[in-house]
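Notes to accompany the following structure.
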Amino acid sequence: MRHRIVGTLVLALLLKGMAGLAAEEGQFDLSPRSLALLEEAVRKTGDPKSGREIYSDTRDAQCANCHRLQGTGAHVGPDLGHVAEKLSIREIAEALIAPSRKLTEGYETYTVVRTDGKILSGLKISDTADALHLRDQLGKDHFISRSKISRLDKSPVSLMPSRLVSRLSRQDLVNLVSFLKSPGEQKLLDGRLLRAWIAGPFGRVIKKPEPLEKDPDPSKVAASTTGKLFQWKLINTRASGLFQPGSPFAIPKSSFYLLGWIKSDRKRKAALRIDHSSGIRILLNSSTVYTSREAGMDKRLEVDLQDGWNTILCRVNNPAGSSTCGFRLESSAGLRLCADRQD
Ligand code: HEC
């Protein structure tokens, strides 16, 4: 008898605990209670450093695939530089949980039906008498001639997918919001390249140039001196901010190329900071500007940039198949380091 009572009590306590957990564990939503809990959690347990890692993880949360912050990232969504000051914790949470509820001005989605029946959605970059310039979710630009448009509508749906945030755990969302409220933590992103194009694997001798060095272009197939063909692929940094290519590039005694661009507001000097776990050769606008046969940490490289777009191509030695490297601009004022050549 005594056992039964104890057993029931334990069960009751367990169930109560679980019910409590369910209320605290589910996804945050837009109800006032849920937003109040989120706000409290951001103030009490928010970890902006971990939030920065989530923000920078361009494979999962993908924020930097669309947004810019501290000169880093892409040109699809708005620059998030002003968010920490302009938006409250609740407003940020709302923008993340339900992007379509209130679209940021100037970033509305447009849907075009072409005369051939094809449907395209994206942000309207420009609209002239001849053509419409749309930028889609992947950052790809489409120029559609006016005569080929049968319908053009403003869509109520944000180009920002809500599923990105719904996949995050409760604490990850709290940390991400804390990061968006922390200008100090955001500074650490400053000028980092989070995404690049990769081609390979090539031979191990990195000083031997491959034909693609003359005109590296991700829209073209790259051929090696031995006649092998390579397609450029986009690669993202890990949460550490470093590139560590997996298959098919993770082959011992090989090498690979990484490609990105620096946009400069004028002809000027700039400094790059580079981390590499093995030998590397760096080309700026097709001439070699840095060669190292061994690992380097936070190496400073001063470069002469031309006005507009500058191509930065790196040949990375991969002796053990696990090489890592990372790039960042020492100061991103007037500059942008990125994987897409978009204005
Ligand atoms: C596919 C592109 C895309 C991705 C990925 C994306 N966003 Fe957005 N985001 C947008 C666009 C477009 C807008 C503007 C329309 C709107 O308000 O929803 C926006 C708006 C926002 C806003 C509101 C800004 C303001 O000034 O009102 C915030 C905050 C934001 N995004 C944060 C994030 C975070 C954090 C992530 C990663 C979890 C993310 N976004 C991922 C495209 C994207």
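Structure summary
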| item | result |
| --- | --- |
| Neighbourhood charge, 11 Å Cβ-Cβ cut-off, centred on Lys154 and excluding it, Lys, Arg +1 and Asp, Glu -1 | -1 |
| Extension gain from Lys49 to Ile149, taking 0.36 nm per residue of separation minus the Cα-Cα distance | 31.4 nm |
| Mean ellipticity per residue at 222 nm, deg cm²/dmol - from DSSP H runs of n ≥ 4 across the chain, formula -39500 (n - 2.57) | -7000 deg cm²/dmol |
| Size of electric dipole in the range 92-208: Cβ of Lys, Arg +1 and of Asp, Glu -1, about Cα centre, debye, nearest 20 | 540 debye |
| Size of electric dipole in the range 222-340: Cβ of Lys, Arg +1 and of Asp, Glu -1, about Cα centre, debye, nearest 20 | 100 debye |
| In the range 246-292, the trypsin sites (Lys or Arg not before Pro) that fall in loop regions by DSSP, at most 14 other Cβ within 10 Å | Lys253, Arg266, Lys267 |
| Crossing angle, helix 2-25 versus the chain [Cα axis fit, 0-90 degrees, rounded to tens] | 40 degrees |
| Computed magnitude of the charge dipole of the chain (debye, nearest 20; Cβ of K, R +1, Cβ of D, E -1) | 700 debye |
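Each value in this text was obtained by applying a stated rule to the coordinates, not by laboratory testing. Source: prediction; values computed, not measured. Please note: Cβ atoms are built from the backbone with ideal geometry, for glycine as well, and neighbour counts cover all protein chains shown.
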